[in-house]
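Enquirer: Below is the structure I would like to discuss, written out as structure tokens.
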Amino acid sequence: MAPPCRSFPASDLPLAVQVGLNGKLRKTDDGRRIDLVKDCELFEFVQYECLVTRPEVRNSPVECWPVQRLFRRCQDKKGKFTVETTAWEGATAAAAATSTKTELQQDKSVPSFGKQNHSVEISKSV
Amino acid sequence: MSGRQFGGLLGDLLGHPFRTVIFAGKFLAFTHLFFEYGIQTAPAQGPSMLPTFELLGQWLVVSRRHRFGRNVEVGDLVAYNIPVDENVGVKRILGLPGDYIMLDTPGRESQAMIQVPQGHCWIVGDNLAASRDSRYFGPVPLALIRGKVVATIKPFHFQWVEKNPFHRENRSPAI
């Protein structure tokens with residue numbers, strides 16, 4: 001079992017990344033605090049929400065909707081570490097910033113974050 | 001003629017039982033070494049890794065050099081002992097010790113995050129809708145990692161796994 005972990009809201013991310021696993025402040029080469037935007041390179045990674053449309057059929061088509069996730073790779077004196085910034089700077093955060101969260105509440109079965117208007121249909125053997 | 005040859009070979013083996021036992025022992029030891037510390041193959045099934053892996057009929061090649069999470073990186077596909085039952089699963093590593101990761105699925109109401117604790121990793125299936133992973137049972141001890149998935153095999157088709165699924169994003173942040 002994993003040890004108890006303290007969770008924090010995504011808005012606290014810039015503060016949370018300053019502290020390493022040992023509970024001490026992370027150190028950078030020039031002694032500055034870590035700036036997520038300036039010091040950390042942004043990467044995109046796509047996962048999916050897939051649905052087997054006809055599970056009773058062996059060659060059922062599979063529909064997939066992409067879910068975009070954002071990560072930043074930062075570095076301190078001890079090495080590199082990864083920070084997921086999806087909720088902090090992704091489409092969800094942008095939507096929250098502009099108070100247009102209605103789209104998120106419309107369909108909770110499939111995340112609206114990163115969901116595109118078209119679906120990717122993939123034929124897979126069931 | 002062939003019957004005599006076979007008889008001769010059998011005779012050789014039966015005539016030197018000690019040599020036969022040594023040969024069998026060496027063969028078993030080498031096989032054990034190869035599958036325990038080299039490469040393992042296993043069939044994969046289930047919807048949790050769609051569309052990266054198919055639902056059925058695909059075999060995975062697992063490098064045991066990466067057992068216990070040795071030299072694994074964020075983005076790697078790993079086979080691991082599922083902490084809540086006896087089976088072996090395959091998922092993608094999204095966080096290593098000290099990394100920061102979302103607890104829930106992107107787009108859900110909760111936007112809580114955690115820092116992955118020492119000696120653990122955060123694994124998530126590529127098909128978020130049908131995957132039981134760290135979102136369900138939390139950070140997974142690196143000791144449960146059996147190896148890294150390096151290739152897939154289908155009948156008459158061998159394919160290496162994509163090395164780095166992360167792509168550079170060159171847009172200005174929203175905040």
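Enquirer: Residues being out of contact with any His (no Cβ under 6 Å at 6 or more places or on another chain) and part of a strand (DSSP E or B): count how many of those fall in the stretch B:143-167.
Expert: From the stretch B:143-167, those out of contact with any His (no Cβ under 6 Å at 6 or more places or on another chain) are B:143-146, B:149-167; that's our starting set.
Subset that is part of a strand (DSSP E or B): B:145-146, B:149-154, B:157-160, B:167.
Qualifying residue count for the region: 13.
Enquirer: Determine, yes or no, whether A:Thr85 is modelled with pLDDT of 90 or more, surrounded by 17 or more Cβ atoms within 10 Å (Cβ to Cβ) and not aliphatic (A, V, I, L, M).
Expert: In short, yes.
Enquirer: Suppose we filter B:Val161, B:Val84, B:Val88 for residues that are aliphatic (A, V, I, L, M) and closer than 28 Å to A:Gly79 by Cα; which single one remains?
Expert: B:Val161
Enquirer: Here is a further query. Give the residues of the stretch B:118-133 that are of a type outside the set (A, V, I, L, M), surrounded by 20 or more Cβ atoms within 10 Å (Cβ to Cβ) and without any contact (Cβ under 8 Å) to a residue 40 or more places away in the chain, sorted by residue number.
Expert: Answer for the stretch B:118-133, where residues must be of a type outside the set (A, V, I, L, M), surrounded by 20 or more Cβ atoms within 10 Å (Cβ to Cβ) and without any contact (Cβ under 8 Å) to a residue 40 or more places away in the chain: B:His120, B:Trp122.
Enquirer: With (1) touching a helix residue (DSSP H, G or I) at 6+ places or on another chain (Cβ under 9 Å); (2) facing chain A (nearest Cβ under 7 Å); (3) at pLDDT 95 or above as the list, and B:Asp99 as the residue in question, which single condition is left unmet?
Expert: Here B:Asp99 clears every test but (1).
Enquirer: Next up: Can you work out which of the residues in the stretch B:65-81 that are of a type outside the set (Lys, Arg), within 12 Å of the chain's Cα centre (by Cα) and outside any strand (DSSP E or B) is surrounded by the fewest Cβ atoms within 10 Å (Cβ to Cβ)?
Expert: B:Phe68
Enquirer: Do you know which of the residues in the stretch A:52-70 that are crowded, with 21+ Cβ neighbours inside 10 Å and in contact with a helix residue (DSSP H, G or I) (Cβ under 8 Å, 6 or more places away or on another chain) is farthest from B:Gly75 (Cα to Cα)?
Expert: Going through the qualifying residues, I end up with A:Val67.
Enquirer: Now for a separate question. Would you say B:Leu94 is among the hydrophobic types (A, V, I, L, M, F, W, C), under 23 Å from A:Leu15 (Cβ atoms) and out of contact with any Phe, Trp or Tyr (no Cβ under 7 Å at 6 or more places or on another chain)?
Expert: It is false that B:Leu94 is among the hydrophobic types (A, V, I, L, M, F, W, C), under 23 Å from A:Leu15 (Cβ atoms) and out of contact with any Phe, Trp or Tyr (no Cβ under 7 Å at 6 or more places or on another chain).
Enquirer: Please find, within the stretch A:1-37, the residue that is farthest from B:Gln115 (Cα to Cα) out of those that are outside any helix (DSSP H, G or I) and polar (S, T, N, Q).
Expert: Out of the qualifying residues, it is A:Thr28.
Enquirer: Looking at (1) free of Cβ contacts under 8 Å to residues at least 60 places away in the same chain; (2) closer than 20 Å to A:Thr82 by Cα, which is the one condition that is false for B:Glu109?
Expert: Only one criterion is unmet by B:Glu109, namely (2).
Enquirer: Still on this structure, I have one more. Looking only at the stretch B:20-64, count how many residues are more than 28 Å from B:Ala130 (Cβ to Cβ), touching a residue at least 12 places away in the same chain (Cβ under 8 Å) and either assigned to a helix (DSSP H, G or I) or over 19 Å from the mean Cα position of the chain (by Cα) (or both).
Expert: 3
Enquirer: Let me ask another. In the stretch A:7-27, which residues are out of contact with any Cys (no Cβ under 9 Å at 6 or more places or on another chain) and more than 7 Å from every other protein chain (Cβ to nearest Cβ)?
Expert: Taking the stretch A:7-27 as the starting set, the residues that turn out to be out of contact with any Cys (no Cβ under 9 Å at 6 or more places or on another chain) are A:7-16, A:18-25, A:27.
Correct list: A:Ser11, A:Asp12, A:Pro14, A:Leu15, A:Gln18, A:Val19, A:Asn22, A:Gly23, A:Lys24, A:Leu25, A:Lys27.
Enquirer: Which number in (1) over 11 Å from the mean Cα position of the chain (by Cα); (2) surrounded by fewer than 16 Cβ atoms within 10 Å (Cβ to Cβ); (3) modelled with pLDDT of 90 or more marks the one condition that A:Tyr48 misses?
Expert: The one condition A:Tyr48 does not meet is (2).
The values are calculated or read from the model by the stated rules, or taken from the named source; none is laboratory data. Everything quoted here is computed from the prediction, not taken from an experiment. Note: ideal-geometry Cβ built from the backbone for every residue, glycine included; neighbour counts use all protein chains shown.
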